[in-house]
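No value in this document is a laboratory result; all are computed from the given coordinates. Quick caveat: nothing in here was measured; it's all calculated off a predicted structure. Positions of Cβ are backbone-derived with ideal geometry, glycine not excepted, and every protein chain shown enters the neighbour counts.
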Amino acid sequence: MEIKQQCVVALTWTLKDTLGEELDVLDDPVEFLVGGEDLFQVIEEALQGHEVGAELNLQIEPEQGFGDFNDQLVFLEARSLFPVELEEGMTFEGASLPAGCNPDAPKDALYTVTEIYPEHVVLDGNHPLAGIALRLSLTIEAIREATEEEIGRGSAGTGFFKIQPLHATPPGNDTLH
């Protein structure tokens, strides 16, 4: 079967930055809907017409991936507004930031705690890979027809580099896929 719109592909990959530093490895195949919301457009376009076993090497520029770094999404907040068990790497949805945080912080962003000082906390609303050009080496492990449910929801259930808020789960459980 050849990849086309509205099919599900199972992929494995290695993701690196342009200096060759490994950022993510997906050894076990994960399914993504082609023609939905799961993958970046540049990846979907590269997959078109390929079959199981194909290996692709892609260069993904920031504007094709997670966007450019926006310094307007970095906020310095009072440490006292946050729980004692706060750790670097924890994330908060903008709509659930503690009372007293900057009211200009967009409510639809996901903020990562990037630094903790005795009196302040740095929150970054950029995706962790914003502003970074990426090199993705992927292998097509399987292809199948998408179900009506997957097409209707626009996803096979896994978004490309979907980041979940960690405030409800213990630190260290965030994944890039």
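Entry note, the chain: the mean residue ellipticity at 222 nm calculated from DSSP H runs of n ≥ 4, each adding -39500 (n - 2.57), is -2000 deg cm²/dmol after division by the residues and rounding to the nearest 500.
When peptides 10-19, 49-58 are ranked by their average number of other Cβ atoms within 10 Å per residue, the highest-first order is 10-19, 49-58. Projecting the Cα positions of S137, G100, M90 onto the charge dipole of the chain (unit charges on Cβ atoms of Lys, Arg, Asp and Glu, taken about the Cα centre) puts G100 furthest along the positive direction. Given in Å, the Rg to one decimal and the Dmax to the nearest whole number for the Cα atoms of the stretch 71-124 are 9.9, 27.
Distance between the C-alpha centres of the stretch 70-109 and the stretch 116-146: 19 Å, rounded to the whole angstrom.
Here's how it looks for G67: its modeled amide H is under 5 Å from those of G131, which are all 5 or more places away or on a different chain.
Neighbour counts of other Cβ atoms within 10 Å put S155, S96, S137 in the fewest-to-most order S96, S137, S155. Which one of G65, A54, I151 is farthest out on the positive end of the charge dipole of the chain, using unit charges on Cβ (Lys, Arg +1; Asp, Glu -1) and the Cα centre as origin? The residue sitting most towards the positive pole is I151. Remark: the stretch 71-124 carries a charge dipole of roughly 160 debye about the Cα centre, counting +1 on each Lys and Arg Cβ and -1 on each Asp and Glu Cβ. This model, with +1 at the C-beta of Lys and Arg and -1 at the C-beta of Asp and Glu, gives the stretch 51-96 a dipole about its Cα centre of some 220 debye. Only residues of the stretch 39-63 count here: report those whose backbone N is under 14 Å from the spot 7 Å along Cα→Cβ of M1, or say none. Flagged as within label range: 49-53.
For the chain, the relative contact order works out to 33 percent when only alpha carbon pairs closer than 8 Å and six or more residues apart are counted. Its Cα centre serving as origin, the chain has a Cβ charge dipole (Lys and Arg +1, Asp and Glu -1) of approximately 200 debye. Evaluate the Debye formula for the chain with equal point scatterers sitting on the alpha carbons, no solvent, and hand back log10 of I(q)/I(0) at q = 0.09, 0.11, 0.18 Å⁻¹, in q order, two decimals. For the requested q values the scattering log ratios are -0.38, -0.55, -1.14.
Which residue fluctuates most in the GNM of the chain (Cα springs below 10 Å): L138, L110, L81? Maximum among the listed residues: L81. For a test of the definition: using alpha carbon positions, the gyration tensor, and the 1.5 limit on a/c, classify the stretch 24-101 as rounded, prolate or oblate. Cα axes put the stretch 24-101 in the prolate bin.
Couplings for the stretch 19-31, taken from phi via the Karplus curve 6.51 cos²θ - 1.76 cosθ + 1.60 with θ = phi - 60°, read 8, x, 6, 6, 9, 7, 10, 10, 7, 8, x, 10, 8 Hz in order; Gly and Pro are left as x.
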